[in-house]
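The values are calculated or read from the model by the stated rules, or taken from the named source; none is laboratory data. Not measured: the values here are computed from a predicted model. Note: ideal-geometry Cβ built from the backbone for every residue, glycine included; neighbour counts use all protein chains shown.
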Amino acid sequence: MSLWGKTVTKESFTHCPNGHEELKDVPVLYGLLAWTPELHEQAANLEFWPGGCVGMGEKTKVICTKCRYSYDANLAYWEKQGTHPSDFERPLSKLIAAFPIDQAAYYQGIRDGAFYSESLCYWSSEKTGQIEARILRYLRQERLNPSVTKSSFQDRRTLTIKCKSNDRWIVVDITYHGHMKQTYIRVDVLAEQAARIADRSAFVAES
């Protein structure tokens, strides 16, 4: 894979962020995949790595075969996805791990051995007003002081909640998709460097 012209393979690392030496260069497969049982098995066996619908120029990814953290060559950090907070070797922050939702996709990013980012996302058919009220109540219970802004584009209505906890920035996007009658919720807890890269520089400056 390439990092702005620099070749990055497993030979570039001695271990993953958790100290494991079992690293592998895995081909990246881009596009909308038809997830058959065979394809699930191939992915589980690290015959390929799903790269999503937006190509990032990576032909392979460095994967730890023991803990399944993958290295993002474009942003230079390690990331893992899970379906439950217990899936992670490093405990997720309380704000993410205890977030009031039964099922979500969880993400953890580690850069230079330290916290970089944590996220969760999920879809809901619940009314957006109820989602907003529950999330604001949760953040305030954590003694945070959230601000709220609203925007819209075509049939999408987005409510963004922002706040800060010590040296971490928290951003919650609640987006209602009118044609689907579904709401997509994404919660990010970010280190300052991650917040700036994620185009949150104005938010960082405000804080």
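Here are the numbers:
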| quantity | calculated |
| --- | --- |
| Evaluation of residue 123 against (1) under 25 Å from residue 45 (Cα atoms); (2) aromatic (Phe, Trp, Tyr); (3) in the same structural domain as residue 194 (by TED's automatic domain parsing) (one fails), failing number | (1) |
| Test: residue in segment 40-59 that is modelled with pLDDT under 95, of a type in the set (Val, Ile, Thr) and not in a loop (DSSP other than H, G, I, E, B) | no |
| Hey, residue 118 closer than 30 Å to residue 18 by Cα and under 13 Å from the mean Cα position of the chain (by Cα) or not | yes |
| Unmet criterion (only one of (1) over 24 Å from residue 165 (Cα atoms); (2) in contact (Cβ under 8 Å) with a residue 60 or more places away in the chain) for residue 69 | (2) |
| Search result, residues across segment 131-145 that are among the aliphatic types (A, V, I, L, M) and either in a loop (DSSP other than H, G, I, E, B) or surrounded by 13 or more Cβ atoms within 10 Å (Cβ to Cβ) (or both) | 131, 135, 136, 139, 144 |
| Flag for residue 96 being outside any loop (DSSP other than H, G, I, E, B), touching an Asp or Glu at 6+ places or on another chain (Cβ under 8 Å) and either within 30 Å of residue 8 (Cα to Cα) or at pLDDT 95 or above (or both) | yes |
| Yes/no for residue 80 being in contact (Cβ under 8 Å) with a residue 40 or more places away in the chain and under 23 Å from residue 110 (Cβ atoms) | no |
| Residue count, segment 85-115 (criterion: surrounded by fewer than 16 Cβ atoms within 10 Å (Cβ to Cβ) and either under 13 Å from the mean Cα position of the chain (by Cα) or assigned by TED's automatic domain parsing to the domain that holds residue 8 (or both)) | 1 |
| Some residue of segment 171-179 being under 20 Å from the mean Cα position of the chain (by Cα) and either acidic (Asp, Glu) or assigned to a loop (DSSP other than H, G, I, E, B) (or both) | yes |
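Condition check ((1) within 30 Å of residue 49 (Cβ to Cβ); (2) touching a Pro at 6+ places or on another chain (Cβ under 9 Å); (3) modelled with pLDDT of 95 or more) across all residues:
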position	(1), (2), (3)
102	yes, no, no
122	yes, no, yes
133	no, no, yes
141	no, no, yes
167	no, no, no
175	yes, no, yes
